[in-house]
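One structure is given here, and the rest of the page talks about it.
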Amino acid sequence: MVNIFRKAFRRLAKICKKRRRQKERSIPIETKPVLSNECIQHVFKFIGDKELYSCLFVNKYWSRNVIPILWSQPFNNLSPEYQTKLLPIYLSCLTEEEKVALKKIFGKIKIKIKIPKYRLTYNYETYLKELSFKDLESAVFSWLNKLFRKPIKDTYTLNVQIEQLTTLLCTLFFRSSRNLNSFIIDKFLPFTNIPEVTIFSESGILARIKKLSINYRKLSSIIDLLEILHINCKNLEYLEINFIENENEEIIFQSITKLINQQEKLKELRLGNIQSNNGIRTILTSIKSQMNNIETIYLNSINFKTISLKILGTCSNLKKLVFWNSQGLGVQNIKSLQESKFQIEKLHLWGQRKQSNITSIIIQTIGKNIQQLWVDIISPEIVQSIIEYCPQLIDLRIMDYQPKQVPFLLNLLKDFNQLEKLTITRETVVEMGVLNFSGKNIPINLKYLRLECGFTTGQLEKLLTTCQAPLKTLIVEYCKFEFAHLKVIANYIKTTKSLKVLGIGGKKEYSRRELREIESLEQNYGIYVIPLHEVHDW
């Protein structure tokens, strides 16, 4: 699918280039767009930011369609240098009264700020789709640091300026951003507060929010904000709540419970770092209100001691269940899932303690419909449980592969010819020589192989030259990838002609030799090489 969109993009670029040449020759050309706005925007969504920036200068039609995408999440992964350039643009979107108030605020500390007076081509603030308070605060901090020039000794004054400026910008976004549907409540600085809750409640935007993430910290206004959220936010599809600090206040858990109960179409719930038994028990009870809606439940660093999981079994549409670094999870907890109504298709299990007996029992209890399984360890009992209780499994990820587990892994693979996707990962710093087995052991129907572990060129060659599966996608990441590895992969591509997608991770850039080899594979064998910054997401 991505290849199709990239080809369409290149075709569009060629057409526009041709038209530009015709225009330079004064030849009349047809100005009607090749594609509709909806279609070209859909194509642009599959293009990386670097390529999108170049599209701004093709023509006005392309620019109008690129701007909403680039400004939908402008604060994401932005360096401090670019954050300082972003803020003045948004400040110019403020009302005249707000600009005057802002200048007065900074005038008190003898700082003269310059707000652009020129008229902006676009209303950039209206395109915002996701607002992360942490990212916004970070951008304000970077901009003020540049403004002060000298190191700031008076941190109290700085915090006041940050709070006032972020409040102004939040007011702007909640007033003007008609596309805002994702709100992330987090903090960049520990000593500042979030804006007054009236800013969030008066605009009516909270009713349109579909994705809400809260990284809970003890702030003076957080309880009031939770109260506002449960009254105004009723259309959430995604809700994530992480406790950064240990919390035992019952009022907080009650507020979260109210928020969950008010939802009409919640699809995904993520809970993290809840150590209070009463807290997790209270929140889990609210899941019953979503038993016909919820499809994904993600439980990270939760203390399940004395907690029944029976409530999860009432979720008839639950398709994905994740237990990540859970504590206190035992046989009794798992047995409460035996009469569940759900048909789990994706199960992810990872824990620091590597309790293979608990993993085995979970698989035995809810494994019959599983198509995707992530496990943190491979042991004889886990292998046996997968073979006996997961007849529909087609996607397996081993998250902490150890060389000593090779016999268990091979025992599993030989009985799983239906497997289509296999990922082998090593958690610790990887040395060469971890992956050492023949490709004959790879399931015959495997189409996707991902290796996030170390291996020598000889081991990689042994794996690929003896592999009989018609691999379509090969991704190698988290290893000391060298040109010799690439040559082994290139020979495999030239010999089998089955591979279509190649991803190479763990590198910042390719060498010249690697680039020449990659270009040859793209041009002569039609291989799509995943951009380095996208490898992790495949």
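So the values come out like this:
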read-out: Given charges at Cβ of Lys, Arg, Asp, Glu: the stretch 210-330 dipole, positive-most of Gly330, Leu239, Ile280; value: Gly330
read-out: DSSP-assigned coil residues among trypsin sites (Lys or Arg not before Pro) in the stretch 264-331, each with at most 14 further Cβ atoms within 10 Å; value: Lys265, Lys305
read-out: P(r), alpha carbons of the stretch 62-132 - 10 Å bins starting at zero, rounded %; value: 17, 44, 32, 7, 0
read-out: Contact order relative to length of the chain, as percent, for alpha carbon pairs under 8 angstrom and 6 or more apart; value: 5
read-out: Directionally averaged projected area (convex hull, Cα atoms, the stretch 143-287), nm²; value: 9.3
read-out: Restraint check, Lys265/Lys335; Lys305/Lys368; Lys234/Lys265; Lys462/Lys494; Lys319/Lys368; Lys421/Lys472, Cα-Cα greater than 20 Å; value: Lys265/Lys335; Lys305/Lys368
read-out: Distance in nm between pseudo-label sites at Lys335 and Phe191 (7 Å out along the Cβ direction from Cα); value: 5.4
read-out: Relative intensity, log₁₀ I(q)/I(0), of the stretch 400-538 from a Debye sum that treats every alpha carbon as a point, q = 0.17 Å⁻¹; value: -0.92
read-out: Ellipsoid semi-axes in whole angstrom, largest first, where each is sqrt(5λ) of the Cα gyration tensor of the stretch 289-435; value: 26, 17, 13
read-out: Centroid-to-centroid separation of the stretch 281-358 and the stretch 475-520 [C-alpha atoms, Å]; value: 40
read-out: When the stretch 72-206 is reduced to its Cα atoms, the Kirkwood hydrodynamic radius in Å; value: 15.3
read-out: Label-point separation in nm, Asn123 to Lys211, each point 7 Å along Cα→Cβ; value: 2.4
read-out: Estimated FRET transfer efficiency (Ser511, Ile387; beta-carbon r; R0 51 Å; 0.05); value: 0.75
read-out: At R0 = 45 Å, FRET efficiency that the Cβ-Cβ distance of Lys487 and Lys288 yields, to 0.05; value: 0.20
read-out: Option label - percent of Cα pairs over 38 Å apart computed here, alternatives [x] 40; [y] 44; [z] 51; value: [y]
read-out: Modelled FRET efficiency - R0 25 Å, Lys265 with Asp537, Cβ distances, 0.05 increments; value: 0.45
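Only the coordinates and a few stated rules stand behind these numbers; no lab work does. Quantities reported herein were computed from a predicted structural model and do not represent experimental measurements. As a convention, Cβ positions derive from the backbone with ideal geometry for all residues, glycine included, and neighbour counts pool all protein chains shown.
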